[in-house]
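Structure in structure tokens, see below.
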Amino acid sequence: MNDTNAPQRAVILADGDFPSHPIPCAALADAQILVCCDDAVRHLLNDDHHPDKKTRIQVVGDLDSMPPQLRNNLPYPVHHESEQDFNDLTKAMRWLLANTYEPLHITILGATGLREDHTLGNISLLMDYYDMLLQQRPDSSVIMVSDYGTFTPARGERTFSAFPRQQVSIFSLSPDIPVTLHGLLYPLHQQRITRWWQATLNSALADTFTVKGGDLIVYQTHKAKDTEIISDNITSR
């Protein structure tokens, strides 16, 4: 029986590395609504793991990277946003929130890889999207998934599902707010994280761990590390 109260499964597909790992591919195949950022739709059309035929597919962006021939022959609606104050990923998020009404579980795919500046910018945007959802759709959630792991925005105290030796990194966007970590190989207690590297390369000890701090981005790998961690990460010890 379908849960009528369950969030709608939405995917935003950016124009970075197209997913190939089973976890992001499953999210793509299972999407009820899919918003492609500009030329990302070209990779979708060429991929064998196409979403279900019932998936609602839209294309959003400034269209600066999409060949006119492709644009004029797409089988999906195209929404042209020419302004340059925000990137195509944010335009896709805005379109999604403006054109749906139910709670959403949003998975962002293809947002990493290729150009490193795009990757860093897209990851940091997760906190902006967290706030957008908090204000406009508080029952919704957003994550970013690559072929290697999942990025999740968090604020305050939160417990995450994990598995032993899962690799975990914490990035703090609020350097003035202390961070506390429980359930990881290198715990922290009320320590300020002033550089992105300082709470990285950690490892889950069991099936959950807890983080507490300001604006945080939590990264978890899809698979466990085969050997015991040896780290020079002084802050994480």
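In the chain, which longest range has no GluC sites (Glu not before Pro) that are both DSSP loop (not H, G, I, E or B) and surrounded by at most 13 other Cβ atoms within 10 Å?
The longest uninterrupted stretch comes out as 84-227.
Right, here's the next one. Please compute the contact order of the chain in relative form: average sequence separation of alpha-carbon pairs under 8 Å and at least six residues apart, divided by the residue count, as a percent.
This gives 18 percent for the chain.
In percent, what relative contact order does segment 8-147 have, based on Cα pairs under 8 Å that are 6 or more apart in sequence?
Dividing the mean separation by the residue count of segment 8-147 yields 31 percent.
Here's another thing I want to ask about it. Please state the charge dipole magnitude for segment 8-147, taken about the Cα centre, from unit charges on C-beta atoms (+1 on K and R, -1 on D and E), reported in debye and rounded to the nearest 20.
Approximately 520 debye in magnitude.
Out of all Cα-Cα pairs in the chain, roughly what percent, to the nearest whole number, are more than 27 Å apart?
Tail fraction, whole percent: 37.
Binning at 10 angstrom from zero up to the longest distance, how are the C-alpha pair distances of segment 44-182 distributed in percent?
It works out to 9, 34, 37, 15, 5, 0, in whole percents.
Same structure, new question: Just the number, please: percent antiparallel of the DSSP beta bridges in segment 18-157, rounded to the nearest 5.
15
Another question, then. For segment 151-236, with the dipole built from +1 on Lys and Arg beta-carbon atoms and -1 on Asp and Glu ones, taken about the Cα centre, which of Gln166, Gly213, Ala199 lies farthest toward the positive end?
Toward the positive end, the furthest listed residue is Gly213.
Post the alpha-carbon centroid distance, segment 61-123 to segment 138-216, in whole angstrom.
Cα centroid of segment 61-123 versus Cα centroid of segment 138-216: 27 Å apart.
Sticking with this one: Using mean Cβ contacts within 10 Å as the protection proxy, how do 207-216, 18-27 order, highest first?
207-216, 18-27
A short reminder: the numbers here are calculations on the coordinates, not readings from a lab. Treat the numbers as computed from the prediction; the structure is a model and nothing was measured. Don't worry about glycine lacking a Cβ; one is built from the backbone with ideal geometry, like all the others, and counts go over all protein chains shown.
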